[in-house]
Amino acid sequence: MMTNFKYVWMLAFACLTLASCSDSDEIGDPIEIKPDYVLPQQGASSSANQRIQELYNKYGSYFLYRFDAKDAFWVQYTGNANQRGSNFVTEGDPANVDAMLDFLTDNWLSYFPDDFLKNGGIPYRVFLANEYYNYIDWGGGNGHRSNYTHQILGNAIIIAGLNDVKNLDEAAKKAKKLDLINVLWNYYIAQGLVTIPDEFYSVTDYVTVPSSSGYYGWTAAEVEAFRQRGFLPVYSTKQDSWYWGSYYWNESTAKTQDVANYMDFIFNATDAEIESYFTYPLIKQKYETLINHFKNNYGLDLRAIAN
């Protein structure tokens, strides 16, 4: 009997609830959802503002030259106890926005297919900054400043150098381009926008700890063994051996460092530098695996970016 009463009570409650709403009740005006930023911003040329609007319309990303530090440094997490100093970002002269857009088009956007850019290839906010730096104040007028050119923060990227980009020579442009691409590539990997093919890893032994005589004291035979196993050196330092040796060897670190070394060669090395390692079959195979994977699956010609 109690069960039947419970069902009767629930039915009565439902009827009262429905009866309380009528056609005469007003729901109210819809809530207006405002855009995060208002375009055009003020100060740049009409052509620059038009290009920024077109970029937003096409890709859904804001290219901003008017912003404050709180906006640029906003992320969905706070700092940690290991951070030192304070970060600063400054706006540049809006008259240089056209030159920065030219640089970004020629050295970033033109290399990637539209579908890739529309699906996360451009962070939601692109801050066109003049200076971006960290300053550690030790007191007494002493401090240390570290300048940065690019950094990803959450779903935003800060790109410094707005006032200088129009004056860069070809060597400086290439250096800035490669620095930008490296930062973006790490972002693409972290976001899962690009992946490393299993074929790259499957041909390499990451389990057997390599033999080495010391952190920087490998013998010629040990270097040869590294190459035969398919390991490139660290491009920036051109160390004779694969970077970690046996001192920090574990499978996860080995894989991470291995693909990082290959990507550094792909983005930075000349054709002659790369081909000098093709005498080692595994290096040639792994290199071509990466090149073909990104071309066939993402439409990315990575060597065109490098050159």
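This table checks each residue for (1) of a type in the set (A, V, I, L, M); (2) in contact with a Pro (Cβ under 8 Å, 6 or more places away or on another chain); (3) assigned to a helix (DSSP H, G or I).
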| site | (1), (2), (3) |
| --- | --- |
| Trp249 | no, yes, no |
| Ser252 | no, no, yes |
| Thr256 | no, no, yes |
| Phe267 | no, no, yes |
| Ala272 | yes, no, yes |
| Phe278 | no, no, no |
| Ile283 | yes, no, yes |
| Phe294 | no, no, yes |
| Leu300 | yes, yes, no |
Selection within the range 139-160 - in contact (Cβ under 8 Å) with a residue 60 or more places away in the chain and part of a loop (DSSP other than H, G, I, E, B): Gly154, Ala160
Search result, residues across the range 108-159 that are of a type outside the set (Asp, Glu), under 18 Å from the mean Cα position of the chain (by Cα) and over 25 Å from Asp71 (Cβ atoms): Ser110, Tyr111, Phe112, Pro113, Phe116
Subset of the range 103-127 (residues that are part of a loop (DSSP other than H, G, I, E, B), open to solvent by 20 Å² or more (accessible area, probe 1.4 Å) and under 25 Å from Glu91 (Cβ atoms)): Tyr124
Candidate set from the range 166-193 (those that are within 24 Å of Asn119 (Cα to Cα) and without any contact (Cβ under 8 Å) to a residue 40 or more places away in the chain); member that is most open to solvent (accessible area, probe 1.4 Å): Asn186
Selection within the range 262-307 - among the acidic types (Asp, Glu) and within 18 Å of the chain's Cα centre (by Cα): Asp264, Asp301
Every residue from the range 220-233 that is modelled with pLDDT under 85 and open to solvent by less than 60 Å² (accessible area, probe 1.4 Å): Glu222, Val223
Where Trp74 falls short, out of the listed (1) assigned to a loop (DSSP other than H, G, I, E, B); (2) modelled with pLDDT of 80 or more; (3) of a type outside the set (D, E, K, R): (2)
Condition check for Asn163: in contact with a strand residue (DSSP E or B) (Cβ under 9 Å, 6 or more places away or on another chain), in a loop (DSSP other than H, G, I, E, B), open to solvent by 20 Å² or more (accessible area, probe 1.4 Å) and under 18 Å from Phe63 (Cβ atoms): yes
Any chance Asn130 is of a type outside the set (Ser, Thr, Tyr), modelled with pLDDT of 95 or more and either in a helix (DSSP H, G or I) or surrounded by fewer than 21 Cβ atoms within 10 Å (Cβ to Cβ) (or both): yes
Residue in the range 197-213 that is open to solvent by less than 50 Å² (accessible area, probe 1.4 Å) and modelled with pLDDT under 85 present: yes
Check on Ala304, in a helix (DSSP H, G or I) and either surrounded by 17 or more Cβ atoms within 10 Å (Cβ to Cβ) or in contact (Cβ under 8 Å) with a residue 24 or more places away in the chain (or both): yes
Failed item, numbered, when Ala69 is tested on (1) at pLDDT 65 or above; (2) surrounded by 10 or more Cβ atoms within 10 Å (Cβ to Cβ); (3) of a type outside the set (Phe, Trp, Tyr); (4) farther than 30 Å from His144 by Cβ: (4)
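The values are calculated or read from the model by the stated rules, or taken from the named source; none is laboratory data. On a predicted model such as this, the values are computed, not experimentally measured, just so you know. Every residue, glycine as well, gets a Cβ built from its backbone with ideal geometry; the counts of neighbours run over all protein chains shown. What goes into the accessible areas is simple: the full protein's heavy atoms, side chains included, and nothing from ligands, DNA or RNA. Shrake-Rupley method; radii C 1.70, N 1.55, O 1.52, S 1.80 Å.
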